[in-house]
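Written out below as structure tokens is the structure these notes cover.
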Amino acid sequence: MKVLVTGGAGFIGSNFVEKLLAEGHTVSVLDDFNDFYDPAIKRANIAGFAKDAPVHEADLRDWAAVERIVGAEKPDAIVHLAARAGVRPSIKEPKLYIDTNITGTWHILEAARLHAVPRVVSASSSSVYGVIKTAPFREDMLIDQTISPYAATKMATEQFCSNYTHLYGLRTISLRFFTVYGPRQRPDLAIHSFTRAIDEGRPIQQFGDGSTRRDYTYIDDILQGMTACLTYDGPLCDVFNLGESQTTTLSELIATIEQALGKKAIIQKMPDQPGDVPLTYADIGKARALLGYDPHTKIAEGIPRFVEWYRASRRG
């Protein structure tokens with residue numbers, strides 16, 4: 001299969017590109033290498049496969065560039081991972097998130113329509129569930145209150161996917177990722193930033209009392225679910241949770257990182273952050289049944305793997 005991966009230089013994207021290449025697929029990448037975090041990290045992410053997967057440097061907001069790349073590549077599927085990420089930054093710059101995530105996704109869908117790409121798999125987020133109190137979260141729950149611009153943009157991308165299926169017959173699959181971590185995780189995310197700070201003897205900021213819970217999902221498990229979407233032949237428009245279906249408190253997470261590093265954290269307690277949800281917890285029954293999704297990396301195993309990668313990357 002010929003696959004175009006947007007955001008293919010990022011954390012999830014670069015791992016996915018490597019998996020696709022290892023399985024014999026033909027892969028190309030679209031990424032803008034923006035400065036949300038050091039672009040040199042993304043350049044390093046693609047170094048191992050740049051000769052095997054053409055990399056197009058372009059901004060999702062640039063319709064002409066997106067249309068040209070999709071037309072030139074003529075993929076069998078687009079896996080759309082590129083986005084402006086993060087709840088807290090979206091509160092500071094909502095327009096940037098609207099322009100990139102919503103308009104950018106529309107550009108991908110429109111280019112797919114114009115060039116007869118039959119399938120778009122698009123990254124959504126567990127943040128779309130907002131402050132729903134019933135857990136675990138199921139895909140068929142009514143979602144009527146997101147609490148950050150980031151979450152709102154991800155909900156909008158799901159709706160645009162639905163539009164393009166209904167109007168044009170495009171197969172679309174939206175994947176609600178639940179706090180993905182593992183090798184190459186973005187440096188701004190909690191597990192990576194906590195690990196680095198604890199290792200260097202610097203304080204970490206703990207927002208709230210440590211009781212917030214997240215469904216942390218190891219990258220290898222996410223990749224398995226994503227790959228299954230390339231051959232999924234169920235309803236033309238569908239949505240899946242991809243999580244571990246196990247929650248961990250912030251305090252437990254910090255303790256697990258401490259144990260893996262063999263170092264104690266210096267904790268600076270901070271007030272709750274606007275836009276942060278108290279709980280994410282995936283019901284993955286649908287993905288298990290229809291995608292054969294079978295995550296198995298619990299946090300007690302995944303964090304030591306991440307720390308091993310972190311230390312190796314520091315040495316290298």
Based on the alpha-carbon gyration tensor of segment 269-316 and its eigenvalue square roots a ≥ b ≥ c, which shape applies: rounded if a/c is under 1.5, prolate if not and a/b is larger than b/c, or oblate?
oblate
Segment A255-S162, length gained on full extension (0.36 nm per residue, minus Cα span):
29.3 nm
Magnitude of the charge dipole, segment 136-220, Cβ model with Lys/Arg +1 and Asp/Glu -1, debye to 20:
160
Of the candidates Y293, I78, G275, the farthest towards the positive dipole end of the chain (Lys/Arg Cβ +1, Asp/Glu Cβ -1, centred on the Cα centre) is G275
Would you mind computing the Rg to Rh ratio of segment 5-99 from its alpha-carbon coordinates, Kirkwood style for Rh?
0.97
Percent of Cα-Cα pairs per 10 Å bin, from 0 to the last occupied bin, for segment 1-160, please list those.
11, 38, 34, 15, 1
Taking 0.36 nm per residue of sequence separation and subtracting the Cα-Cα distance, how much length would be gained by fully extending the chain between Y232 and D188, in nm to one decimal?
12.6 nm
Select from segment 89-143 those trypsin sites (Lys or Arg not before Pro) which occupy a DSSP coil region and have at most 13 other Cβ atoms within 10 Å, ordered by residue number.
K133
With Cα atoms, 0 to 90° folded angle of helix 63-73 axis to the chain main axis
70
For the chain, what number results from the quotient of the Cα radius of gyration and 2.2 N^0.38 Å?
0.96
Out of the trypsin sites (Lys or Arg not before Pro) in segment 15-62, which ones are loop residues according to DSSP with at most 15 other C-beta atoms within 10 Å?
K51, R61
Please order H166, H107 by the number of other Cβ within 10 Å, starting at the fewest.
H166, H107
Gap separating the Cα centres of segment 215-253 and segment 268-309, nearest whole Å
9
Just the Cα atoms of segment 101-145, one point each, no solvent: what log10 I(q)/I(0) does Debye give at q = 0.32, 0.33 Å⁻¹?
-1.15, -1.20
Given springs between every Cα pair under 10 Å in a Gaussian network model of the chain, which of R176, R305, R214 has the largest fluctuation?
R305
Can you give the angle from 0 to 90° between the axis of helix 219-228 and the longest principal axis of the chain, with both taken from C-alpha atoms, to the nearest 10?
20
For D220 and A289 in one chain, what is 0.36 nm times their gap in residues minus the Cα-Cα distance, to one decimal in nm?
23.0 nm
Theoretical ellipticity at 222 nm over the chain - DSSP helices of four or more residues, -39500 (n - 2.57) apiece, nearest 500:
-12500 deg cm²/dmol
Spin-label zone in segment 254-280 - amide nitrogen under 14 Å from a point set 7 Å from the Cα of V131 along the C-beta vector
272-279
Given 20 °C and 1.002 mPa s, how large is the Stokes-Einstein diffusion coefficient of segment 177-316 in µm²/s, with Rh as the Kirkwood radius over Cα pairs?
133
Can you tell me which lysines have their Cα less than 28 Å from the Cα of K263? Leave out same-chain residues fewer than eight positions away.
K298
So for segment 1-113, if I pair up every lysine 8 or more residues apart or on another chain, how many of those pairs have alpha-carbons under 29 Å apart?
12
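Values in this text are rule-based calculations from the coordinates and carry no lab data. Bear in mind that the values here come from a model prediction, so they are computed numbers and not experimental data. Don't worry about glycine lacking a Cβ; one is built from the backbone with ideal geometry, like all the others, and counts go over all protein chains shown.
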